[in-house]
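Worksheet for the structure shown next.
The values are calculated or read from the model by the stated rules, or taken from the named source; none is laboratory data. None of the values given here were measured: they were computed from a predicted structure. Glycine also receives a Cβ, built like all others from the backbone with ideal geometry; neighbour counts cover every protein chain displayed.
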Amino acid sequence: MFKKLLIANRGEIALRVLRACKEMNIMTVAIHSTADTDAMHVRLADESVCIGPPQASESYLNIPSIVAACEITGADAVHPGYGFLSENFHFAEILEAHNISFIGPSSKHISLMGDKITAKDTVKKLGIPVVPGSDGDVKNVDEAKKIAKQIGYPILIKAASGGGGRGMKIANNEGEISEAFSMARTEAKAAFSDDTVYIEKYLQKPRHIEIQVFGDSKGNAVYLGERDCSLQRRNQKILEEAPSPIITEEQRRKIGNISAKAISDLKYEGAGTIEFLFENNEFYFIEMNTRLQVEHPVTEMITGLDLVKEQIKIASGEDLSFIQDNIKYKGHAIECRINSENPRTFIPSAGRIESYHPPGGLGIRIDSAVYAGYNIPPYYDSLIGKLIISADSREECLSRLQRALDEFVIEGIETTIPLFRELIQNNDIINGDYDIHWLEKYLSKDA
Ligand code: ADP
């Protein structure tokens, strides 16, 4: 097992990893920018290294500084969390070359899934159903029109290197293709320095259902059920639940087995998430994330497993500590992303948290790194915490969530808490009857 692990991240996820390490008796090294000197993960880690100025490009994304921090402190492993360098195959490769373990799959697998076109092609060959669309990249508008004619409108033009919902444009008819195509390309080029795009049929009422998978070096692979992440704004998740209110036991087993078999065939090691859109009782692969997800706690709450510890154990060469038959799901879990944002416009709200009182009691988990008096720096993601509720049933989970939201006090900045308070009064949410476009429609009604 590792002796000292460097956490190449910040915020709640840095703390989440640190907690797993403490329980495993692994020493921790926090890295931080000058904007994060007072951050909780820095205070609680055994050692800390300041690696640069606030801009992420010069700190949390600065590979030479992070490798130097490993060497100075003698860290033998790095956990990248999510975001930042977590899906950067180059980073994994450099660590491999320095004999430092990367807590995640091999650089080869990160690279394979990082290009969405290659990823789609790979999983399709392994028997995973994909969204109908182009075979590979689409080079020009004429080609785009030809494909659109075959699959039918509306279509979605997507960036091969996409992430965070960027570089994605819809065309509802042939007249819209030319503009959507060039906008998707321009946005992709600006965000990912890669203007390769491909085309998918635009599904009109899908749910976002993702399967958590794990694989080890022996080729063992399991799935840990699904997460329903259909409540989204701007193609970004804001509330996630497990199990999905609309997936049957049989559907879960079927897509789970197909996913786990693909992971085993790929010889994929570590945690991964296979993301699907689900419409008319069919699953359609959209992408695979080769890292821990923000919403991993809902899976932990219904399986009782610690996914971060499992990631660390697998990266140290241990076999998976469970087999498929041992995985049992209990009750229901819902996660709300608490963002420092205006709850209507989602414009970020940085500044000082004047008072902070998190809810407590049975079935309530808070993964957060903020505290009263903490100053939210304006440089990073607006996620400041996650409220995770678990209960025996979905119904009980919702009433517990309502109670928790009523107790939650964060003053000094704007947060998404008032939006959640409103949403859980809504019948569609109560009945679990919402698709990925539901929230946008709901918000535009009173805009
Ligand atoms: P990213 O990596 O940018 O997050 P994804 O491919 O995972 O991109 O898609 C993000 C979100 O965009 C999905 O959860 C869904 O809401 C929407 N989306 C993606 N592909 C489609 C599609 N073919 N039809 C409808 N919506 C889609």
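At a glance:
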| read-out | value |
| --- | --- |
| Filter result for the condition that a residue is assigned by TED's automatic domain parsing to the domain that holds I258, farther than 30 Å from D142 by Cα, near the ligand (Cβ under 9 Å from one of its atoms) and not β-branched (V, I, T), over Q232, Q212 | Q232 |
| Residue check, Q311 within 27 Å of I110 (Cβ to Cβ), part of a loop (DSSP other than H, G, I, E, B), in contact (Cβ under 8 Å) with a residue 24 or more places away in the chain and assigned by TED's automatic domain parsing to the domain that holds A271 | no |
| Residue identified as more than 16 Å from the ligand (Cβ to nearest atom) and surrounded by 16 or more Cβ atoms within 10 Å (Cβ to Cβ) among D428, D367, D381, D433 | D367 |
| Selection count, the range 161-189, where residues are under 17 Å from G114 (Cα atoms) and away from the ligand (no atom under 11 Å from the Cβ) | 1 |
| Residue within the range 338-360 that is among the basic types (K, R), assigned to a strand (DSSP E or B), touching a residue at least 12 places away in the same chain (Cβ under 8 Å) and surrounded by fewer than 17 Cβ atoms within 10 Å (Cβ to Cβ) present | yes |
| Selected residue [more than 10 Å from the ligand (Cβ to nearest atom), outside any helix (DSSP H, G or I) and within 20 Å of the chain's Cα centre (by Cα)] from V138, V222 | V222 |
| Contacts under 9 angstrom Cβ, first residue in the range 1-24 being free of Cβ contacts under 8 Å to residues at least 24 places away in the same chain, partner surrounded by 24 or more Cβ atoms within 10 Å (Cβ to Cβ) and in a strand (DSSP E or B), 6 or more apart | K22/T28 |
| The range 257-270, residues that are touching a helix residue (DSSP H, G or I) at 6+ places or on another chain (Cβ under 8 Å) and either within 12 Å of P129 (Cβ to Cβ) or without any contact (Cβ under 8 Å) to a residue 60 or more places away in the chain (or both) | A262 |
| First in the range 204-222 and under 15 Å from A260 (Cα atoms) and modelled with pLDDT of 95 or more, second anywhere and part of a loop (DSSP other than H, G, I, E, B) and within 16 Å of the ligand (Cβ to nearest atom), Cβ under 9 Å, 6 or more apart | E210/Q293; E210/E295; Q212/Q293 |
| Strands (runs of 3 or more DSSP E) (entirely within the range 1-119) containing at least 3 residues that are in contact with a Lys or Arg (Cβ under 8 Å, 6 or more places away or on another chain) and surrounded by fewer than 19 Cβ atoms within 10 Å (Cβ to Cβ) | none |
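The rows are residues; the columns are (1) within 16 Å of the ligand (Cβ to nearest atom); (2) of a type outside the set (F, W, Y); (3) closer than 21 Å to A333 by Cβ.
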| residue | (1), (2), (3) |
| --- | --- |
| P245 | no, yes, yes |
| G256 | no, yes, yes |
| K261 | no, yes, no |
| T273 | yes, yes, yes |
| F276 | yes, no, yes |
| E279 | yes, yes, no |
| F283 | yes, no, no |
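To keep it simple, each residue is scored yes or no on (1) charged (D, E, K, R); (2) in the same structural domain as I312 (by TED's automatic domain parsing); (3) under 25 Å from L307 (Cα atoms).
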| residue | (1), (2), (3) |
| --- | --- |
| T28 | no, no, yes |
| S33 | no, no, no |
| M40 | no, no, yes |
| E47 | yes, no, yes |
| P54 | no, no, no |
